[in-house]
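One structure is given here, and the rest of the page talks about it.
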2 protein chains.
Amino acid sequence: MSALPIAAVERDTGIPKDTLRVWERRYAFPQPVRDDKGERLYPAEQVEKLRLLRRLLDQGHRPGSIVAAPTEALAALLEPAGERGREPADPGIAALIDLVRLHRSAELRATLQQHLVKLGLQRFVSELVAPLSRAIGEAWLHGEIGVAEEHLFTEHVQNLLRSSISSLGTGSRSPRILMTTLPGEEHILGLLMVEAMLAPEGVQCISLGAQTPLADIAQAARDGQFDIVAVSFSAAFPARQAFRGIEQLRDALPASIALWAGGAALHGKRKRIDKVQQIAQLDDLLDALTDWRKAN
Amino acid sequence: MSALPIAAVERDTGIPKDTLRVWERRYAFPQPVRDDKGERLYPAEQVEKLRLLRRLLDQGHRPGSIVAAPTEALAALLEPAGERGREPADPGIAALIDLVRLHRSAELRATLQQHLVKLGLQRFVSELVAPLSRAIGEAWLHGEIGVAEEHLFTEHVQNLLRSSISSLGTGSRSPRILMTTLPGEEHILGLLMVEAMLAPEGVQCISLGAQTPLADIAQAARDGQFDIVAVSFSAAFPARQAFRGIEQLRDALPASIALWAGGAALHGKRKRIDKVQQIAQLDDLLDALTDWRKAN
DNA sequence: CTCATTGTTTGTCCTGGACAAAGTGTTGAC
DNA sequence: GTCAACACTTTGTCCAGGACAAACAATGAG
């Protein structure tokens, strides 16, 4: 557990091998030990710093100014965002985060269930789950919770959303929507939130889960006579790759099928793509749906 | 859609860039075109052959004898396995596969639901879902269904299993089991099947979903006072990597916490690891559970 | 301030070499 | 004939160091 080979570091941090080597050459960090074969072995604390760097890059920092900096200076860089962006957290959300942090599975589930019943599915998603996931993401960004806790949270919410959606039964009205994520995007919580917003409106939502290759999406959309294809991107997904993927998918789809794209990766970027409906917020989904139904 | 850069081919086929280049050097295949910057562009039909090669490798063929061979010869190689291994398929399973192939979502769901009610959760999993997933995997291997259809099937089964498990409520008896997959393994159907087998026995199952880093698993297992950690591996996961991961996880866990490992990746390999309970079949889970309860 | 131009940073790709681990085949003992 | 030990071959992954276009920042003109 003390030192990892380069392939493991790539998997754990999401930083490609090539980039790890070029950083070492240019910025003198990381500086892995070498084993008897001369291969790189990254000590745990350097991997930790690499994870931190990844977060900072996602926040918009540039490698030249942070890779070589000492770890303490980097930790400080995370703070401003914390102070600036952190609203006086909703007490309900703070309580839920505590449950996650303390591994109180049973209570977490019960509390979520309670909110769900009180708010109804759509408001539960847009008013609680969405800000809560953002808060969890931030807490992870600041090292306040671990990966396991984040996974635990995601699982519970997924279970809740899936069973709510299931109990609604298959929608019967148009449009028919095919939902999935592109290759490289494994997070499906966003997708489920979309489904939870739309299913109560009688929409026929079919999800393919994560990472469907472009060609297969297009094929399935035609075969299944769908009206709309919806894809979602988490904050962790590189924005450029997202836009490239959306453009390619738009080209692969017949003009008669609409393409909806949303998620944290697209926020803040003002880039627009022709003939693609970009969804900035969950609530916008309902407007987009109304528009579509008017037009068809 | 006509030619893909090397990074896209890696994503689509699962074959690493390094391997693609070394195959080109050694076996004169693939032979990508070069763009004006001198970078490789893989024509669609070569990518198709690469996908086929990937399937054959998973079946146990070796690169030296298949990479250079013409596509037609390779297609023929897939047949024998089909003829030899294919039992006179269970009519129920064949009917379900047809529903998947034809994108009959509503009927698929209804039929599955029907089987579930008839068989009960545990038999539904061990007698229907397990052989069905194997059959789906084979159908994909032989190109009879696409990625989208496979995803569709997985989603439906997941929804069904998750809501059944949810409706059981949290178990109250010991042991407490923490379930997840290791980094690189994104398939969680196996995990859900395990949970579905154990939850009716009153076991407290907590799932972290896919790809939890080793260190976080160990941490969470200690923090949550779990008795057992269970990990699963799909057929697509490379066996060597699985064994290495299991060994590392065993070392990271305190001796008081048991480690259970199972899944298609471990089948056929007779390798045993000390102090790890290897689960060959789903039914063995119940025996393992009985053993654990006797011993504790 | 807005837009176009120039300079810098940065990720990804390239070549060709190396080597250990996994796999295959052979030999010899029982 | 079966099994274990050995040598040989195959194969994936790593390495170094160079190159370049796309993204980004800085500068200057209208």
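The values are calculated or read from the model by the stated rules, or taken from the named source; none is laboratory data. The structure presented is a predicted model; accordingly, all values stated were derived computationally and were not measured. For neighbour counting, all protein chains shown are included, and Cβ atoms are generated from backbone atoms with ideal geometry for every residue, glycine included. In case anyone asks, the SASA skips ligands and DNA or RNA and just uses the protein heavy atoms, side chains included. Shrake-Rupley method; radii C 1.70, N 1.55, O 1.52, S 1.80 Å.
Descriptive notes on the structure:
- Any chance B:L128 is more than 10 Å from chain A (Cβ to nearest Cβ), more than 17 Å from A:T170 (Cβ to Cβ) and at pLDDT 95 or above: yes
- Per the conditions (1) on the phi > 0 side of the Ramachandran plot; (2) within 11 Å of chain A (Cβ to nearest Cβ), the sole criterion not satisfied by B:G202 is (2).
- Selection within the range B:42-54 - open to solvent by 20 Å² or more (accessible area, probe 1.4 Å) and within 13 Å of DNA strand D (Cβ to nearest atom): B:R54
Per-residue answers, yes or no, for (1) without any contact (Cβ under 8 Å) to a residue 24 or more places away in the chain; (2) within 14 Å of DNA strand C (Cβ to nearest atom):
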site: B:I15; (1), (2): no, yes
site: B:V22; (1), (2): yes, yes
site: B:R25; (1), (2): yes, yes
site: B:K37; (1), (2): yes, yes
site: B:R40; (1), (2): no, yes
site: B:L56; (1), (2): yes, yes
site: B:G64; (1), (2): no, yes
site: B:V67; (1), (2): no, no
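- Where a residue in the range B:94-121 is within 14 Å of another protein chain (Cβ to nearest Cβ) and its partner, wherever it lies, is small (G, A, S) and not in a helix (DSSP H, G or I), with Cβ under 7 Å and at least six apart: B:H103/A:G224
- Taking the numbered list (1) modelled with pLDDT of 90 or more; (2) within 16 Å of DNA strand C (Cβ to nearest atom); (3) within 30 Å of A:E127 (Cβ to Cβ) in turn, A:H103 passes all entries but (2).
- Residue tally, condition of a type outside the set (S, T, N, Q), away from DNA strand D (no atom under 14 Å from the Cβ) and more than 28 Å from A:T13 (Cα to Cα), over the range A:234-279: 15
- Residue tally, condition part of a loop (DSSP other than H, G, I, E, B) and near DNA strand D (Cβ under 8 Å from one of its atoms), over the range B:27-37: 2
- You will find that of B:A235, B:A220, B:A265, the residue that is within 16 Å of DNA strand C (Cβ to nearest atom) and in contact with a His (Cβ under 9 Å, 6 or more places away or on another chain) is B:A235 and no other.
- Taken over the range B:1-34, the criterion of being open to solvent by less than 40 Å² (accessible area, probe 1.4 Å), farther than 25 Å from B:W140 by Cβ and out of contact with any Lys or Arg (no Cβ under 9 Å at 6 or more places or on another chain) is satisfied by B:V22 alone.
- The range A:239-255: number of residues that are away from chain B (no Cβ under 12 Å) and within 16 Å of DNA strand C (Cβ to nearest atom): 4
- Members of the range A:100-114 that are in a helix (DSSP H, G or I) and open to solvent by less than 50 Å² (accessible area, probe 1.4 Å): A:V100, A:S105, A:L108, A:T111, A:L112
- Count of the range B:240-296 residues which are open to solvent by 20 Å² or more (accessible area, probe 1.4 Å) and in a helix (DSSP H, G or I): 18
- Hits in the range A:1-26 (condition: of a type in the set (V, I, T), under 20 Å from B:Q248 (Cβ atoms) and near DNA strand D (Cβ under 10 Å from one of its atoms)): A:I6, A:V9
- Among residues of the range B:160-186 being more than 9 Å from chain A (Cβ to nearest Cβ) and assigned to a loop (DSSP other than H, G, I, E, B), the one that is nearest to B:F237 (Cα to Cα) is B:E185.
- Selection count where residues are at the interface with chain A (Cβ under 7 Å from one of its Cβ atoms), of a type in the set (A, V, I, L, M, F, W, C) and in a loop (DSSP other than H, G, I, E, B), scope the range B:206-221: 1
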